[in-house]
Amino acid sequence: AEMAARLSENRLVSLPLSRIRVIMKSSPEVSSINQDALFLTAKATELFVQYLASYSYKHGRGKEKNALTYTDLSHTAEECETFQFLADILPKKILASKYLKMLEKEKRDGEVGEGEEEEEEDEDKAVG
């Protein structure tokens, strides 16, 4: 009976419960996960993703192209207060050349202390 209940529960959620459990257990505060809490977290996540996608489609260029694009999602994260916490996860795409120019401008504008300057040079060496 419990197996049948789990199978019917799984059909109500598109996301894999095993993966959700792994993500939840990655938090040091979590020791055990109740099956109901796991199911509700998965369902809430699924509904949130659906809401983000439909909002982005309606408010982006998706309707014109009849498609949802990354740009639509990043625009939503930037412009809509509800989704602003996703701005770091869904940043606007920019060309690498533009990003490098921004870094150079920041370097020129900001007064960098000696210790910080050395760290930046080390990071440059590691990257390039």
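The values are calculated or read from the model by the stated rules, or taken from the named source; none is laboratory data. Bear in mind the structure is a predicted one, so any value in this text is a computation, not a measurement. Reconstructed Cβ throughout: ideal geometry from the backbone, glycine too, with neighbour counts over all protein chains shown. Calculation scope for accessible area: heavy atoms of the full protein, side chains included, ligands and nucleic acids excluded. Shrake-Rupley method; radii C 1.70, N 1.55, O 1.52, S 1.80 Å.
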Checklist entry - When segment 77-98 is examined, which residues are found to be open to solvent by 70 Å² or more (accessible area, probe 1.4 Å), within 16 Å of PHE48 (Cβ to Cβ), touching a helix residue (DSSP H, G or I) at 6+ places or on another chain (Cβ under 9 Å) and not aliphatic (A, V, I, L, M)? => result THR82, GLN84, PHE85
Checklist entry - Quick one: which of LEU68, LEU40, LEU52 is of a type in the set (A, V, I, L, M), buried (at least 16 other Cβ atoms within 10 Å of the Cβ) and assigned to a helix (DSSP H, G or I)? => result LEU52
Checklist outcome for this item: The residue that is least open to solvent (accessible area, probe 1.4 Å), considering only those in segment 13-25 that are within 21 Å of LEU90 (Cβ to Cβ) and not in a helix (DSSP H, G or I), is LEU15
Checklist entry - In segment 38-66, what residues are over 21 Å from SER14 (Cα atoms) and small (Gly, Ala, Ser)? => result GLY60, GLY62
Checklist entry - Does segment 90-108 contain at least one residue that is at pLDDT 85 or above and among the aliphatic types (A, V, I, L, M)? => result yes
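From the set of residues in segment 30-78 that are hydroxyl-bearing (Ser, Thr, Tyr) and at pLDDT below 90, which is farthest from PRO16 (Cα to Cα)?
THR71
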